[in-house]
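Heads up: the structure comes next, in structure tokens.
The values are calculated or read from the model by the stated rules, or taken from the named source; none is laboratory data. These figures come from a predicted structure and were not determined experimentally. Using ideal geometry, Cβ is built from the backbone for each residue, glycine included, and neighbour counts are taken over all protein chains shown.
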Amino acid sequence: MNKFFSFLILTILLVSCSPYQKALKSDDVAVKSEVANAMYDKGKYDKAIRLYEQIAPVYKGKLNAERMFYLYSKSLYNTNQFYLAGYQFENFVATYPRSEKREEATFLAAECFYKLSPVYSLDQTDTQKALDKMQRFIDVYPESSYLATANKYVKELREKQEKKAFEIAKQYNSISDFKGALKAFDNFILDFPGTPYKEKALYYRLDSAYKLAINSIESKKQERLNYAKTTYANLIKFNAATEYKKEADKMLAEIEQELKQFSK
């Protein structure tokens, strides 16, 4: 037991006297920087961050500041602290516009927002930020070695926005807000002309127009029924063999039956 406690005390003393612990307590910026870089090289990014945080405020303008801020940004990135990493990378790009790391930092800043983009069902503010930043990177660095990855990210982000917009429009239909659904589906089809959800969007737009027309007041019914016929024609024009053909034909039959009263 005595040997165990002796070993424990020795371990504590060794840890407390480690170069890292000494650097944390030191007032020497050069010592902190040297140990921080050593921690980074060993993959001990959390320890490196603690030291970089201490020296960052007084390091601006110093000879090795560029490398320090780059490694600080990478440490945050490597520990999945993407909000902070994105901010630091953008600050690095603004501060060192001639740095050889500028392209990489610009890409990683955009990638941080890509990684912060949530699932489609949640608020997509960060998705739009990521899309804007990634597209800006592509525009500035069209020959970049990161281009393939950047294009892949843009595709994924846009698909997420498509899914979000489609589900919002569909939700209007589900809660019987057919005016809202029609507007949302019109915007969706306009904003995403090549979307894989187009056939579904055309069908649900027909469904919304049909239900709005059938349940409409008499003064607006004829106009709405004719519009519903137009949405049917748009669906069939897009795909004459649509999987929704049976349901769509039933709607059309009722629409035409209702329109007969206005031809008398």
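Suppose the filter is surrounded by fewer than 22 Cβ atoms within 10 Å (Cβ to Cβ), within 35 Å of the chain's Cα centre (by Cα), farther than 30 Å from VAL119 by Cβ and not hydrophobic (A, V, I, L, M, F, W, C); does LYS250 pass it? Before you say what the answer is, go through the steps one by one.
Working: surrounded by fewer than 22 Cβ atoms within 10 Å (Cβ to Cβ): yes; within 35 Å of the chain's Cα centre (by Cα): no; farther than 30 Å from VAL119 by Cβ: yes; not hydrophobic (A, V, I, L, M, F, W, C): yes.
Against the criterion (surrounded by fewer than 22 Cβ atoms within 10 Å (Cβ to Cβ), within 35 Å of the chain's Cα centre (by Cα), farther than 30 Å from VAL119 by Cβ and not hydrophobic (A, V, I, L, M, F, W, C)), LYS250 does not qualify.
Restricting attention to helices (runs of 4 or more DSSP H) lying wholly within segment 30-144, give those where 3 or more residues are over 30 Å from PHE166 (Cβ atoms).
Values: elements: 45-59, 65-78, 82-95, 102-116, 125-140.
So the answer is 45-59, 65-78, 82-95, 102-116.
ARG224 - would you say it is modelled with pLDDT under 95 and touching a Leu at 6+ places or on another chain (Cβ under 7 Å)?
Working: modelled with pLDDT under 95: yes; touching a Leu at 6+ places or on another chain (Cβ under 7 Å): yes.
So ARG224 passes the test.
Output the residues belonging to segment 146-159 that are closer than 28 Å to ARG102 by Cβ, part of a helix (DSSP H, G or I) and of a type outside the set (Gly, Ala, Ser).
Hits for segment 146-159 are LEU147, THR149, ASN151, LYS152, TYR153, VAL154, LYS155, GLU156, LEU157, ARG158.
Has segment 102-114 got any residue that is at pLDDT 95 or above, touching a helix residue (DSSP H, G or I) at 6+ places or on another chain (Cβ under 8 Å), among the β-branched types (Val, Ile, Thr) and surrounded by fewer than 16 Cβ atoms within 10 Å (Cβ to Cβ)?
No, segment 102-114 contains no residue that is at pLDDT 95 or above, touching a helix residue (DSSP H, G or I) at 6+ places or on another chain (Cβ under 8 Å), among the β-branched types (Val, Ile, Thr) and surrounded by fewer than 16 Cβ atoms within 10 Å (Cβ to Cβ).
Mind telling me which of the residues ASN226, ASN234 ends up being more than 30 Å from ASP126 (Cβ to Cβ), part of a helix (DSSP H, G or I) and in contact with a helix residue (DSSP H, G or I) (Cβ under 6 Å, 6 or more places away or on another chain)? Talk me through it step by step, then tell me what you get.
Values: ASN226 fails: in contact with a helix residue (DSSP H, G or I) (Cβ under 6 Å, 6 or more places away or on another chain).
Every option except ASN234 fails the conditions.
Considering every residue within segment 170-182, establish whether at least one is surrounded by fewer than 18 Cβ atoms within 10 Å (Cβ to Cβ), at pLDDT 95 or above, closer than 24 Å to ASP207 by Cα and among the β-branched types (Val, Ile, Thr).
Yes, because at least one residue in segment 170-182 is surrounded by fewer than 18 Cβ atoms within 10 Å (Cβ to Cβ), at pLDDT 95 or above, closer than 24 Å to ASP207 by Cα and among the β-branched types (Val, Ile, Thr).
For segment 173-180, check the following and say yes or no: at least one residue is more than 22 Å from GLU243 (Cα to Cα), hydrophobic (A, V, I, L, M, F, W, C) and touching a residue at least 40 places away in the same chain (Cβ under 8 Å).
So far as segment 173-180 goes, no, none of its residues is more than 22 Å from GLU243 (Cα to Cα), hydrophobic (A, V, I, L, M, F, W, C) and touching a residue at least 40 places away in the same chain (Cβ under 8 Å).
Name the residue that is modelled with the highest pLDDT, counting only residues in segment 19-29 that are outside any helix (DSSP H, G or I) and exposed (fewer than 13 other Cβ atoms within 10 Å of the Cβ).
Looking at the filtered set, the residue picked out is ASP28.
I'd like the residue in segment 231-247 that is farther than 18 Å from LEU182 by Cα and of a type in the set (A, V, I, L, M, F, W, C) and, out of all such residues, is surrounded by the fewest Cβ atoms within 10 Å (Cβ to Cβ).
Only one residue tops the list, namely ALA241.
For segment 97-153, which residues satisfy the criterion of being of a type in the set (Lys, Arg) and either more than 18 Å from the chain's Cα centre (by Cα) or closer than 17 Å to LEU84 by Cα (or both)? Break it down into steps so the answer makes sense when it comes.
Here is the first cut: in segment 97-153, the ones of a type in the set (Lys, Arg) are 98, 101-102, 115, 129, 133, 136, 152.
If the condition is that a residue be of a type in the set (Lys, Arg) and either more than 18 Å from the chain's Cα centre (by Cα) or closer than 17 Å to LEU84 by Cα (or both), then ARG98, LYS101, ARG102, LYS115, LYS129, LYS133 are the ones that fit.
In segment 33-47, what residues are among the small types (Gly, Ala, Ser) and modelled with pLDDT of 90 or more? Give the steps one after another, and end with the answer.
Of all residues in segment 33-47, those among the small types (Gly, Ala, Ser) come to 33, 36, 38, 43.
Within segment 33-47, GLY43 is the sole residue that qualifies.
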